[in-house]
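The values are calculated or read from the model by the stated rules, or taken from the named source; none is laboratory data. These numbers come from a predicted model, not from an experiment. Methodologically, a virtual Cβ is constructed for each residue, glycine included, from the backbone with ideal geometry; neighbour enumeration extends over all protein chains shown.
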Amino acid sequence: MNLDEGQRKKVAEWIAQGLKLSEIQTRLADELGLRLTYMDVRLLVDDLKLTPKDVTPSQAASPILQGPPGAPPARGAKPAASPQPQTSSEAGGVSLSVDQVARPNAIASGKVTFSDGNKAEWYFDQMGRLGLIPTQPGYRPPPDDLQEFQAALEMELARMGF
């Protein structure tokens, strides 16, 4: 696709504004009368040696846990098993680790030690629900520890790319 200098500047300006390729495709059709496929727009931007800006996700969509344990994560959030080695994260008196291979029927799993020394295994099931399996039957962690655990888990999974 050959564009004149004015059209090239327009496309470069749109990229600088942070428009997505689909939005550039629409503007090319609406403002310049050029009907291009998405792939054509992609190749055009590449030919012009332009790089679209990365769009940062909204803060509302990024938290993995948004409620009490057992509540499903935000729609679209998909925690999964990590091929990375087991890692550990500490937040206050709570420490947690993420398993290298998730436990059966879980998307992601790991272990947590609460401030009182009690331990539990955690997991996300295939529906995105968080579960805790304490080593001491009937154990319930203090509410403050649960909040620390959720925050540490969210940070650790985000660090790992979830």
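Yes or no, residue by residue, for (1) surrounded by 14 or more Cβ atoms within 10 Å (Cβ to Cβ); (2) charged (D, E, K, R); (3) in a loop (DSSP other than H, G, I, E, B):
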| residue | (1), (2), (3) |
| --- | --- |
| Tyr123 | yes, no, no |
| Asp145 | yes, yes, no |
| Leu153 | yes, no, no |
| Gly161 | no, no, yes |
Check: How many residues are surrounded by 14 or more Cβ atoms within 10 Å (Cβ to Cβ) and more than 18 Å from Thr51 (Cα to Cα) when one looks only at the range 1-34?
Finding: 2
Notebook entry, point to check: Can you name every residue in the range 95-153 that is of a type in the set (Val, Ile, Thr) and in contact with a helix residue (DSSP H, G or I) (Cβ under 8 Å, 6 or more places away or on another chain)?
Noted result: Val98, Val112
Notebook entry, point to check: Taking Gln126 and the conditions (1) at pLDDT below 90; (2) in contact with a Leu (Cβ under 8 Å, 6 or more places away or on another chain); (3) not β-branched (Val, Ile, Thr), which numbered condition does it fall short on, given that it satisfies the others?
Noted result: (2)
Check: Would you pick out the residues in the range 113-146 that are under 13 Å from Leu96 (Cβ atoms) and out of contact with any strand residue (DSSP E or B) (no Cβ under 7 Å at 6 or more places or on another chain)?
Finding: Pro141, Leu146
Next item on the list: Only one of these is modelled with pLDDT under 90 and either assigned to a strand (DSSP E or B) or among the aromatic types (Phe, Trp, Tyr) (or both): Ser88, Ser62, Ser109, Ser95. Name it.
Entry: Ser88
